[in-house]
Amino acid sequence: MLPRLFHIVTAIAFLLVTCHAWDFQEGILRIPGLNGLPVKEGKPGLKAFPGLRGLLASYVPKLQEIMKGFHNRIARLERVLTLDGTIKTVEKKMFATNRQEGNFQTTLEACKQAGGSIASPMNQGENDAVFSIVRLFNKCAYLGTEGRGIPGEVSSLNGTAPNYTDRHAGEPSDIGEENCTAMCTDGAWNGTSCNQYCLTICEF
């Protein structure tokens, strides 16, 4: 009996000790865990790459500074060319010459390659701007109109009737030869041969 009683008492004592270690909190029976082993601090991790928003935020000021520099350089160049008489600005349209002469097709291609089109004044202000370049260089310049096969009738290069003209009465007069239009040194528009060499003036 004694050995058996000893085992029972030992078991009860174990249970009593364990019960004192239990943590009753909010009705949940919790048994505390063992403390972990001490560890050394690890090496610092790699620096995180900035996100897309961070990248944009860092580059925007640089791009703004670059654009400001371009704008200032273009503005200075425009003032120089204006002083030189090679460009004239009317509201949002700009007329410019490269000082070169060519026939109508050459002029058309030169303007296209520069990102513009052959000068086509749409009002008196634009006409005066083109005339100021013509008068400065004392050379006729092709305009963006062409003969329609009828004396005194011209059309824009897209086939529509121009909104503005300043041609001499009856021009173009020689339908077989005068299929292009040029501004003469007196400022008037005249019909002329498309093979005539005239000053290149483009609009942008």
Item to check | Residues that are part of a strand (DSSP E or B), at pLDDT 90 or above and either of a type outside the set (A, V, I, L, M, F, W, C) or in contact with a helix residue (DSSP H, G or I) (Cβ under 6 Å, 6 or more places away or on another chain) (or both), drawn from the stretch 151-189 | outcome: 180, 181, 183
Checklist entry - Restricting attention to the stretch 122-150, which residues are at pLDDT below 95 and either assigned to a loop (DSSP other than H, G, I, E, B) or at positive phi (or both)? => result 122, 123, 148, 149, 150
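For the stretch 86-126: of the residues being of a type in the set (Lys, Arg) and surrounded by 17 or more Cβ atoms within 10 Å (Cβ to Cβ), which is farthest from residue 145 (Cα to Cα)?
Let us first name the residues in the stretch 86-126 that are of a type in the set (Lys, Arg), namely 88, 92-93, 99, 112.
Filter once more, keeping what is surrounded by 17 or more Cβ atoms within 10 Å (Cβ to Cβ): 88, 93.
Numbers: 88: 20, 93: 18 Å.
Among those residues, the one meeting the criterion is 88.
Give the number of residues within the stretch 174-204 that are acidic (Asp, Glu) and either within 18 Å of residue 136 (Cβ to Cβ) or in contact with a Cys (Cβ under 8 Å, 6 or more places away or on another chain) (or both). Talk me through it step by step, then tell me what you get.
Residues of the stretch 174-204 that are acidic (Asp, Glu), as a first pass: 174, 177-178, 186, 203.
Among the residues that remain, those that are also either within 18 Å of residue 136 (Cβ to Cβ) or in contact with a Cys (Cβ under 8 Å, 6 or more places away or on another chain) (or both) are: 186, 203.
Number satisfying all stated conditions: 2.
The values are calculated or read from the model by the stated rules, or taken from the named source; none is laboratory data. What you are looking at is a predicted structure, and each value in this text was computed from that prediction instead of being measured. As a convention, Cβ positions derive from the backbone with ideal geometry for all residues, glycine included, and neighbour counts pool all protein chains shown.
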